[in-house]
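In what follows, a structure is listed as C-alpha cells, so that the remarks can point back to it.
Rule-based calculations on the coordinates, nothing more; no lab input. Given the structure is predicted, the values throughout are model-derived calculations rather than measurements. All Cβ positions, even for glycine, are placed from backbone atoms using ideal geometry, and neighbour counts span all protein chains on display.
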Amino acid sequence: MKNLLVSAAVAIAMPMLASAHFLMEYTEDTVIERPGDVPVKLVFWHPHEAGHVMTLERPEAFFVIHNGAKTDLMETLQETTFDGPSNSAKAFIGAVPVKRSGDYVVVTVPAPYYEDSEDIYIQQITKTYLNRNGLPTDWDQPQGLATEILPLNKPYNVIAGSSFTGRVLSDGKPVAGAEIEIEYMAAEPDLPGTGAKPATVSPMPGGAIVAISDDNGYFSFGVPKAGYWGFAALGVGPATEHNGKELSQDAVIWIRAWDLE
C-alpha cells in the first residue's frame, strides 16, 4: 500500500489544454448565516485563466442533499448568459433553500458537452457544500453519485495554508491512479450580473496543477490561498461513451478556503 502523503503528492503537469474545463457551482458564501434561498450560478468555464466560456445546456439533474434527504431543484433553474473576456455562453442560475442548521450538498449532473478540439464528450458531475450554524451533517458522506470526490476535510471552511484530502469514487468504489486537475477560481462570477469580477491571480506557469490518487483513491493538496478551489478527477466515471464517441465522465468538487484572522 502506498503512503498517502507520498503517492498523492501534487505534481505540476502540462496537459493537452493549457487550462482545465470546470463546471462551477458558484455561491457568494458557503457559510450561511440567515435562512433563505441561496443563489447558485452554474457556469462551464476555465476559472483559473478566466478564459473561454463553454455553452452549458440544461442539466440532467440539479438537487441538494440535507440530513440525508434529497430535494430536486430543477424548477429553480433559469437560463442566463455568462460573459467571459473573449466570449459569452449559456449558463444557469438556481436557488438552494437553506432553512435548518446543517450541511447542504449541492449536486449538478450536466448534459454531456461535446469538445470538438478533442472529439470527445465531457460530463462533470459536480458538488459544492453549504453550511448553516456550524452543525456538520452530510459533508463526510458519499452522495451515491456515478462518480464523486468524497472530502476528508470539511469543504466549506478549509484553512488556507493547510491541506485538503479527498477520495475519488466511481460507483462507490475507490479509484486508484486517477488524474485530478486542480484550479483556483481566479475570477468569481458576478451574481447580479452576467460577467465576472476582476481576476485576483495570474494563470499558472507550466500548465494545470495535477494530483494522482493512491491505491485507495486518496489524494492530498496543500491549499496555498483563500478562495474557491476546484478538483476534477478526469474520466473516472463508469460511463465511457455518448452518441458513439468517447465520454470523459469526471468527478468535480469545489471547496472554500479561508485566511485565519
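Summary table
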quantity	calculated
Most mobile listed residue (188, 60, 28) in the chain, GNM with C-alpha springs under 10 Å	60
Cα centroid separation - the stretch 36-78 against the stretch 113-176, whole Å	14 Å
Within straight-line cross-link reach of residue 154, lysines at Cα separation under 16 Å, skipping those fewer than 8 residues along the same chain	127
Partner aspartates and glutamates for residue 173 [C-alpha distance under 14 Å; skip if fewer than 8 residues away on the same chain]	148, 214, 215
DSSP beta bridges in the stretch 4-258 [antiparallel fraction, %, rounded to 5]	85 percent
Per-residue Cβ neighbour rank within 10 angstrom, fewest leading, 149, 212	212, 149
All-pairs Cα distance distribution in the chain, expressed in whole percent, bin size 10 Å	7, 32, 40, 19, 2, 0
Within the chain, longest stretch clear of exposed trypsin sites (Lys or Arg not before Pro) (DSSP loop, no more than 15 other Cβ within 10 Å)	101-224
Simple spin-label estimate for residue 225 and residue 191 in nanometres, 7 Å along Cα-Cβ	2.3 nm
Residues of type lysines that residue 99 reaches as a straight line, Cα spacing below 16 Å, ignoring anything fewer than 8 places off in the same chain	70
Extension gain from residue 72 to residue 141, taking 0.36 nm per residue of separation minus the Cα-Cα distance	23.0 nm
Assigned charges on the beta-carbon of Lys, Arg, Asp, Glu; the stretch 4-258 dipole about Cα centre (debye)	820 debye
